[in-house]
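Down below is the structure, laid out as structure tokens.
Every read-out reported here was derived from the displayed coordinates using simple, explicitly stated rules and does not represent laboratory data. Predicted model only: the values in this text are computed from it and were never measured. Ideal geometry is used to build each Cβ from the backbone, glycine not excepted, and the neighbour counts take in all protein chains shown.
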Amino acid sequence: MSSLKVRTAFRDKVRGWLQTSHPDVPYHETVNTQQDPSDSAWVTLEFMPNYSEDISIGCNENAEYGQVDVFIFTKSGKGDQQALTMADSLINSMKRFSDNGVVVEAIEPPTEAFNGDARRWYSVYVSIDYVSYS
């Protein structure tokens, strides 16, 4: 499980990005909560830790490595322009992100969730690789 420090850093960053760049699009917490959004677009996060390791001998320094997927949901049947515009904006916002020892190492291009199928929502996600030093 990714650390609270990592989760807090990315939740705060994504909420700030939405307030600045897409103020009409809410963030919905979906980790251990039930959601049934009726918004025309919304964003959530998934956290996937990879591993952690000691990075110094005798200094008690540790590094946690993992991935955060930022999911962008828009109404299905409306095309991909809104979701991809938001994904590009997110990628620009996340470049060189660092907060309290949480550092973005790589950002992957947007990927379609559900292979682009028109379900209730159309969704893309941006995968962000991180390292967290403590």
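Structure notes:
- Least to most buried among I107, I55, I72 (fewest other Cβ within 10 Å first): I55, I107, I72
- Protection proxy ranking of 79-85, 120-126 - average other beta-carbon atoms within 10 Å, highest first: 120-126, 79-85
- Measuring nothing but how far apart in sequence close Cα pairs (under 8 Å, 6+ apart) lie, relative to its length, the chain scores a relative contact order of 24 percent.
- Basic side chains Lys and Arg get +1 at the Cβ, acidic Asp and Glu get -1 at the Cβ, and with that the dipole of region 84-126 about its Cα centre reaches some 120 debye.
- Within a straight-line Cα-Cα reach of under 17 Å, K5 can be paired with the following lysines, leaving aside sequence neighbours fewer than 8 residues apart in one chain: K13.
- Degrees separating the helix 4-21 axis from the principal Cα axis of the chain, which is the longest one: 40
- Beta bridge orientation in the chain: antiparallel %, DSSP, nearest 5: 95
- Candidate cross-link partners of K78 among the aspartates and glutamates, defined by an alpha-carbon separation under 13 Å and a same-chain spacing of 8 or more, comprise D117.
- With Cα atoms, 0 to 90° folded angle of helix 81-94 axis to the chain main axis: 20
- Charges were assigned to the Cβ only: +1 to each Lys and Arg, -1 to each Asp and Glu. The resulting dipole of the chain about its Cα centre is roughly 400 debye.
- Volume of the convex hull of region 1-58 (Cα atoms only), normalised per residue: 103 Å³.
- Kirkwood-based Rg to Rh ratio, region 33-103, C-alpha trace: 1.13
- Expressed as a fraction of 2.2 N^0.38 Å, the C-alpha radius of gyration for the chain is 1.11.
- When each of R119, R96, R15 is scored by the number of other beta-carbon atoms lying within 10 Å, the sequence from fewest to most is R96, R119, R15.
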